[in-house]
Amino acid sequence: MRSGLSLWRVAGITLVLTVSAACGHVSVDYVDFVQHGGIQYLAAHPGLGRSITEDDLRAEQFRVTHSLARDGTGGMPRDGDAAFVPAGDAVYAVRGYASTFRVAARHDGALVLYEADSNPAASVGRDLLDLDGRVAAVTLLSPKDGRTVLGRVADPARVGDLVSLVLGAPVDQSVLPAASAGAPEFVGFELTDGTVTSRAYFRDPGILQRGIRVAGAFRDAVDELRASAPTPTPVPALVNLAARYDLAHATRVTVQGVPGRSIQDPGFVSAFAAALDALMPATAATVALPSEYTVVIFEFAELRLARLRGGGPGAHGRGAAGRPHRARHARARAAHDLATLRRPWPGGT
């Protein structure tokens with residue numbers, strides 16, 4: 001049995017894969033990834049630009065050898081591993097792009113686009129992002145949903161300059177931005193084929209996901225887009241999570257963060273829905289989440305998912321992690337809302 005710990009920074013959230021062999025217990029949560037040639041690819045953000053189709057597929061690149069979430073092998077990802085793509089299935093190149101940037105595969109009835117997150121051979125931005133001559137516009141995206149465009153640079157000359165800064169910037173993937181870096185901005189690159197790639201951008205250290213160190217004129221452009229963005233909707237003083245997300249109709253609740261175990265119980269639905277059926281005070285999330293917090297996941301029959309996080313005194317946790325592809329349909333507001341609530345979970349979890 002393999003064991004270990006792996007971290008990802010995706011959309012400003014540290015995603016944690018934990019495997020513990022202590023007492024024979026294994027607790028694993030996966031982001032949607034595939035790995036090949038030392039490159040770890042993560043599923044692209046859904047809902048941005050056009051979706052890829054069968055016509056976009058090119059030569060087979062490799063076959064998945066282990067589907068970690070399906071066969072329960074667990075452990076640190078290795079070449080040939082995937083989270084949800086079935087073992088034996090093919091992973092393909094994508095038309096128009098280097099396979100060191102984009103690949104595609106199928107799982108759970110969907111064709112999924114994967115983009116390079118980490119590459120040990122990357123020394124400059126173009127080793128991660130194959131964008132040269134392909135970007136039509138650079139956008140600032142809403143931190144609430146990662147999709148709504150708040151501002152756009154479309155002048156071809158300036159777009160070219162910004163992309164050149166990114167592609168020529170040095171890469172250091174050994175260090176993740178510290179919590180003191182604050183919440184990231186989200187930058188989208190609208191591509192000429194109608195697809196979009198998006199990356200988190202940490203302004204103060206000047207780091208574009210993942211590990212691309214670009215500041216200067218690129219940071220100035222992001223600042224300009226932020227300054228011209230519409231005024232955000234004020235955070236409500238009170239929020240009823242049960243009503244907001246229709247939690248009473250969930251089919252199952254999973255509690256993560258309890259030391260040494262992950263609890264799944266349909267019977268928890270009514271208890272948690274009742275506990276959250278009240279107006280609770282909320283504030284804007286201006287700081288990073290605490291290092292320890294509990295994650296409560298509500299699953300629904302129609303493949304939507306609300307993932308709520310609670311922290312503070314009495315809370316435990318190792319981090320938040322990706323779930324099966326239903327997480328791609330998650331209501332992004334959920335994590336934002338609960339992370340800002342000033343109320344502990346029932347029983348301190």
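Summary of values
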| item | result |
| --- | --- |
| Filter pass, GLY188 being of a type in the set (Gly, Ala, Ser), in contact (Cβ under 8 Å) with a residue 40 or more places away in the chain, assigned to a loop (DSSP other than H, G, I, E, B) and within 16 Å of LEU48 (Cα to Cα) | no |
| Sole exception among (1) outside the structural domain of GLY96 (by TED's automatic domain parsing); (2) modelled with pLDDT under 95 for ASP193, by number | (2) |
| So VAL163, is it closer than 16 Å to HIS45 by Cα and in contact (Cβ under 8 Å) with a residue 12 or more places away in the chain | no |
| Only listed residue being of a type in the set (D, E, K, R), assigned by TED's automatic domain parsing to the domain that holds ALA221 and under 30 Å from ARG78 (Cα atoms), chosen from ARG158, ARG126 | ARG126 |
| Unique residue being among the charged types (D, E, K, R) and in contact with a Lys or Arg (Cβ under 8 Å, 6 or more places away or on another chain) when the list is ASP127, ASP117 | ASP117 |
| Count - residues of the stretch 226-246 that are aliphatic (A, V, I, L, M) and touching an Asp or Glu at 6+ places or on another chain (Cβ under 8 Å) | 4 |
| Test: residue in the stretch 264-275 that is buried (at least 21 other Cβ atoms within 10 Å of the Cβ), farther than 30 Å from PRO177 by Cα and at pLDDT 70 or above | yes |
| Only listed residue being over 29 Å from PRO177 (Cβ atoms), of a type in the set (S, T, N, Q) and modelled with pLDDT of 95 or more, chosen from GLN61, GLN40, GLN35 | GLN61 |
| LEU165 buried (at least 16 other Cβ atoms within 10 Å of the Cβ) and within 20 Å of the chain's Cα centre (by Cα) | no |
| The stretch 205-234: number of residues that are surrounded by 13 or more Cβ atoms within 10 Å (Cβ to Cβ) and among the acidic types (Asp, Glu) | 2 |
| Some residue of the stretch 69-88 being closer than 26 Å to SER174 by Cα, among the aliphatic types (A, V, I, L, M), assigned to a strand (DSSP E or B) and touching a residue at least 40 places away in the same chain (Cβ under 8 Å) | yes |
| Single residue of LEU129, LEU150, LEU140, LEU113 found to be in contact (Cβ under 8 Å) with a residue 40 or more places away in the chain and either assigned to a loop (DSSP other than H, G, I, E, B) or in contact with a His (Cβ under 6 Å, 6 or more places away or on another chain) (or both) | LEU129 |
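To keep it simple, each residue is scored yes or no on (1) buried (at least 17 other Cβ atoms within 10 Å of the Cβ); (2) part of a strand (DSSP E or B); (3) at pLDDT below 95; (4) among the aliphatic types (A, V, I, L, M).
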residue	(1), (2), (3), (4)
GLY160	no, no, no, no
SER174	no, no, yes, no
SER180	no, no, yes, no
THR197	yes, yes, no, no
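The values are calculated or read from the model by the stated rules, or taken from the named source; none is laboratory data. No experiment lies behind these values; they were computed from the predicted model shown. With ideal geometry, Cβ positions are generated from the backbone for all residues, glycine too; neighbour counts draw on all protein chains shown.
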